Amino acid sequence: MSENVEKVRCLIIGSGPAGYTAAIYAARADLKPIMYQGMQPGGQLTITTEVDNFPGYPDGIDGPEMMEQFKKQAERFGTDIRFGVVTKVDFSNRPFTVEADDGKTIIAETVIIATGASAKWLGLPSEQKFMGMGVSGCATCDGFFYKGKDVAIVGGGDTAAEEATYLAKLCKKVYLIHRRDELRASKIMQHKVLNTPNIEMLWDSVPEEVLGDDAGVTGLRVKNVKTGEERILDVWGFFVAIGHKPNTDIFHGQVELDDTNYVRTMPGTATTNVEGVFACGDVQDHHYRQAVTAAGTGCMAAIEAERFLSS
C-alpha cells in the first residue's frame with residue numbers, strides 16, 4: 001500500500017463540539033479515529049468570545065479555549081487530529097475512499113460527518129472587525145450579555161423573527177432591520193414581532209457600518225434604501241440573522257441531503273442513508289444549532305459507528 005494511503009476504522013470529518021465529542025467516544029471505544037479539522041478548526045465557537053450556556057463551566061469560558069480543551073481531551077484518548085481539509089469523498093462502496101488536501105487518501109470503514117454550518121454574513125469590513133466584540137450570529141448564544149441594553153438585528157425570515165423576539169425578552173430595545181417592506185417570516189412569527197412593544201422595525205433598510213471602539217460595538221449606521229436617509233442606532237450589540245449554510249458541498253450525490261442541503265439523518269439518530277456514514281452537529285441540525293446539542297449528537301454518532309462495526 002502506498003504511504004499516501006491509510007486504512008482507518010473511523011474517520012471524522014470536521015471538528016467543533018460535535019466532531020471532538022465523536023472523537024472522544026470513538027477513541028475510548030478503541031476505534032483509533034483520524035480527524036481532519038477542516039477550514040475552521042474548532043468550528044463556529046472559535047469566533048465566540050464567551051460561552052456561558054455549556055454545562056460544567058459555571059464562570060463561562062472563551063469559545064477558542066473551550067475548543068482547545070475538547071481537542072486535548074480527544075487527543076488524550078488517542079485521536080489522530082490533523083490540520084487539513086477533506087476535498088473529496090466516495091461513499092459508493094464500503095470501505096469508503098476519502099481524499100484530503102495533505103495528499104493522503106483515507107480508506108475508512110466508517111465516516112462521521114461533523115463539518116458544521118457557517119453563518120451567512122453581510123460582508124461589511126466593520127462586521128468582521130467587531131466579530132465577537134458585539135457582532136454575533138447567534139442570539140440564543142450571546143443575547144444574555146446584552147440584558148437591559150439596546151441591540152440591533154438584521155434579517156427577515158423565521159430565524160431573524162425568532163431571535164428578535166428572544167432578544168426582546170432580555171434587552172431594553174431591539175431594532176429589527178429588513179431591506180424590504182414586509183418580513184419573509186411565517187405569519188405567526190410576523191405577528192409576534194409586530195406585537196412585541198420593544199421591537200422597532202426598520203423597513204427598507206440595510207446596515208452600512210458597525211461602529212465601535214477598542215471595547216466593542218457602540219452603534220450601527222443604517223441606510224434606508226428607498227430614501228437614502230441614514231440613521232445612527234446607539235446599540236451595544238449587532239446580530240446577523242440572514243441564515244446559515246451547511247458545509248456539505250463535497251457530500252452532494254454521496255449522502256442524502258434535505259432541501260436546504262443539510263445532511264438528512266434518521267429521526268433520533270445520527271444515521272444517514274448510507275450504511276457506515278453518520279452525521280452530527282450543525283451539519284444535520286438547522287433547528288437548535290447549540291454547542292451542547294452538537295456535542296450530544298457527536299456522542300450518538302460515535303456510539304452508532306462503534307455498534308455498526310461490531311455488528
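Some observations on this one:
- Residue within the stretch 244-253 that is more than 23 Å from residue 107 (Cα to Cα) and either of a type in the set (A, V, I, L, M, F, W, C) or in a loop (DSSP other than H, G, I, E, B) (or both) present: no
- Take the conditions (1) farther than 19 Å from residue 159 by Cα; (2) in contact with a strand residue (DSSP E or B) (Cβ under 6 Å, 6 or more places away or on another chain); residue 274 misses just one of them, which is (2).
- Taken as a whole, the condition of being part of a loop (DSSP other than H, G, I, E, B) and either in contact with a Leu (Cβ under 8 Å, 6 or more places away or on another chain) or modelled with pLDDT under 95 (or both) applies to residue 123.
Residue-wise test of (1) assigned to a loop (DSSP other than H, G, I, E, B); (2) surrounded by fewer than 19 Cβ atoms within 10 Å (Cβ to Cβ); (3) touching a strand residue (DSSP E or B) at 6+ places or on another chain (Cβ under 8 Å).
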residue: 265; (1), (2), (3): yes, no, yes
residue: 285; (1), (2), (3): yes, no, no
residue: 289; (1), (2), (3): yes, no, yes
residue: 303; (1), (2), (3): no, yes, no
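- The residues listed here are 33, 95; of these, the one that is at pLDDT 95 or above, in contact with a Cys (Cβ under 8 Å, 6 or more places away or on another chain) and either polar (S, T, N, Q) or not assigned by TED's automatic domain parsing to the domain that holds residue 136 (or both) is 33.
- Only one of the numbered conditions (1) touching a Pro at 6+ places or on another chain (Cβ under 7 Å); (2) free of Cβ contacts under 8 Å to residues at least 40 places away in the same chain is not met by residue 185, and that is (1).
The values are calculated or read from the model by the stated rules, or taken from the named source; none is laboratory data. Computed from a predicted structure; not experimentally measured. Neighbour counts are summed over all protein chains in view; Cβ atoms, including those assigned to glycine, are modelled from backbone coordinates with ideal geometry.
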